[in-house]
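The values are calculated or read from the model by the stated rules, or taken from the named source; none is laboratory data. Just so it is clear, the structure is predicted and the values come from calculations on it, not from any experiment. Note: ideal-geometry Cβ built from the backbone for every residue, glycine included; neighbour counts use all protein chains shown. Surface areas here come from the heavy atoms of the whole protein model, side chains and all, with no ligands, DNA or RNA. Shrake-Rupley method; radii C 1.70, N 1.55, O 1.52, S 1.80 Å.
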Amino acid sequence: MNHEYTVSDIKVMEGLEAVRVRPGMYIGSTGSRGLHHLLWEIVDNSVDEAANGYADTVAVTLERDGSVTVEDNGRGIPVGIHEKLGVSGVEVVFTQLHAGGKFGNDSYSYSGGLHGVGASVVNALSEWVKVEVATAGRLYQMSFKSYEDKDGMHSGIPEGPLTEVGRTRRQGTKVTFMPDARVFETVEMNFEIISRRLRELAYLNKSVRFKLTDLRERGNAKEREYYFEGGICDFVKYLNGDKVPLYDEPIYISGRKDNIIVEIAMQHSDGYSENVFSYVNNIPTTEGGTHETGFRSALTKVMNDYCRRIGVLKDKDASLSGEDFREGLTAVLSLRMQNIQFEGQTKTKLGNTEARPAVEAVMTDRLPPILEDLKNAQLSAMIADKAVKAAKAREAARRAKSMAREKSKLENAPLVGKLSSCTGRDPKLNELFIVEGDSAGGSAKQGRDRRFQAILPLRGKVLNVEKKRIEQVLENEELRSLITALGTGIGEDFNIDNLKYDKVVILSDADQDGGHIRALLLTFFYRYTKGLITDGHVYIGQPPLYKVQKGDQAIYCQDDKELERVTKGMRGYTLQRYKGLGEMNPEQLWETTMDPKNRTMVKVNIEDAATVEHLVTLLMGDKVAPRKEYISEFADFNKHDSFTNKAKLDS
Ligand code: TSJ
């Protein structure tokens, strides 16, 4: 770490050509994800510079012509001539694959890791790149271009060497790139995705200012700025923003062990769910891993010790379980370390064994004095008290659960009575439609293909599980019939292998009520059967909003935009607007919404757990005021409902 970077440290491995041939190998995909990956590659460099204390501002601009600019006020990419290659550092960074300290073992970099393939990959996959470096009073420029001629494709070719173009008082690096439309299926960057990630980075890198400007729409520039002096403490407050915290300020712990930097912020609320968001080198570790394990085990140990010391637990008492201390806990865990290894299905699980003892050491070292601090007496008592209550509730829940199991055995028949099951027995082919309202349920029952489609009609509102412990969930009839139909069990008992349907489709009206029911169901899935969502089994049916009839021909439209397109220049048609699913007859419902050949369904996909979490608590939590605000902000619950926007749904 205490190593001065020089231009010759940059390692040189292979030519740029490989990148064009197999873009997926370098950036994952050539879809929207891969496109944004280009931006993260560049942003990572600026974040590194800021994390090392040399820059405090990172600005992203979506330019009018579709190019993207990233600018920081750091030291500037080295402009000196590389010893072995004989060209400037800037040229090396943009033309040599795997150039950059990140790939050396004595790397200075803490960011990237998942990204970290470097600026050369961005250059290879861009039509052109322009670089400006301002350093030591001088401004330098260089540009690169990709083109095709009789010899084939040439990518990322310098248009000339790095050139000094004048004097400047500024300092920093500015890179503009034009993603190549010949490579990407889409070259349209998404303002919300970028905004969300920059906000996250701002939380994870306190006191660094992140700016986003969107100039693409003429006369309608959009701007966002993120800056959090409190870092991950502010993140926790934001996540808990709609809950009732048990104490005002999050607990903040930081330390370093064996070259691993550990930062933790945590705060309990009066809710029941546990929400731990972890990151390594700014990368979300959605599947958890060794660092989270260390956090949980240390929290349990330290808190039990504390409870014994203050007499909440007596000698004869059994220790409280970890989950008791995590009831209502929101925590953000951020590590910085080298040579990170990812595991798990989506490669978002930290595998480094050394991370666990490092987190444990920092927690065991720093948490006790905070608990013991007289100023924090109330905080400590609140946590202990909450855990004791949680333990009692857990015991009650265990009893209720086994009762519910017994009960459900007895009442199995009436419970699944509401479900119209399908005749086919292959779960891989079967679909469960959860339909709002009895009349729509009736139409769906008649209209479906009973060989593989089952219907579960919902009467009235679904229980808001966000405000309930598991025993109340198990007492709710509506949810019990759903749980029985799914076959997977819930919570700790959840087992995806027992899922009876490949697709679980929510079918609700395209109005506010329908949106609410959908949000309630998604909340239930999110809290109790998360695997259904992460494995991609949950869908949202998209019934049409309009029917355009001309003669004996009918065209269905999903939304106003489609209606406009379809009816443009058309005359002499009749228009029907469906107020709800109930207005459709069985044939129409089949044709438009259920028939796999015609229907559009949107798959629910949790990409951004922190945002979904925030959203779930915002929509379902105790505080009403922010929820109202949110609902009016997203009043159009039809297609662009909150989950569509925030959790990112893809067709
Ligand atoms: F991706 C990129 F390489 F194109 C890029 C790099 C893009 C952007 C917007 C910024 C950067 C960048 C690189 N910002 N700051 C730096 N800093 C360095 O590369 C740097 C400067 C000086 C020294 C040194 O040891 O003197 C070391 C480094 C890594």
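Values as computed for the structure displayed
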read-out: Solvent-accessible heavy-atom area per residue, rounded to whole Å², over segment 151-286 at 1.4 Å; value: 45 Å²
read-out: Helix-derived mean residue ellipticity, 222 nm - over the chain, DSSP H n ≥ 4, -39500 (n - 2.57), to 500; value: -10500 deg cm²/dmol
read-out: Trypsin sites (Lys or Arg not before Pro) restricted to segment 124-158 and DSSP loop, no more than 15 other C-beta within 10 Å; value: K150
read-out: Accessible area per residue in Å² at 1.4 Å probe, computed on segment 452-512; value: 39 Å²
read-out: Members of K243/K386; K468/K500; K461/K561; K500/K530 lying beyond 20 Å, as alpha-carbon distances in this model show; value: K468/K500; K461/K561
read-out: Residues of type aspartates and glutamates that K222 reaches as a straight line, Cα spacing below 12 Å, ignoring anything fewer than 8 places off in the same chain; value: E63, E192, D214
read-out: Alpha carbon centroid spacing (whole Å) that separates segment 506-535 from segment 117-174; value: 47 Å
read-out: The chain: C-alpha gyration tensor shape, a/c 1.5 cut-off, then a/b vs b/c; value: oblate
read-out: Global form of segment 224-265, assessed from the alpha-carbon gyration tensor, a/c cut-off 1.5; value: oblate
read-out: Charge context of T135, other residues only, Cβ under 13 angstrom, K/R +1, D/E -1; value: +2
read-out: Length-normalised contact order of segment 248-362 in % [C-alpha pairs under 8 Å, at least 6 apart]; value: 42 percent
read-out: 13 Å beta-carbon shell around I496, net charge (K/R +1, D/E -1); value: -1
read-out: Rounded percent of accessible protein surface that carbon and sulfur make up, the chain, 1.4 Å probe; value: 48 percent
read-out: Segment 31-97 - accessible surface per residue (Å², probe 1.4 Å); value: 35 Å²
read-out: Trypsin sites (Lys or Arg not before Pro) restricted to DSSP loop in segment 200-239 with at most 10 other C-beta within 10 Å; value: R218
read-out: Residues of segment 347-373 with amide N under 20 Å of a point placed 7 Å along Cα→Cβ from D248; value: 370-373
read-out: Inter-centroid distance (Cα atoms) of segment 420-488 relative to segment 249-287, Å; value: 37 Å
read-out: Rounded to 5, percent antiparallel among DSSP beta bridges of the chain; value: 75 percent
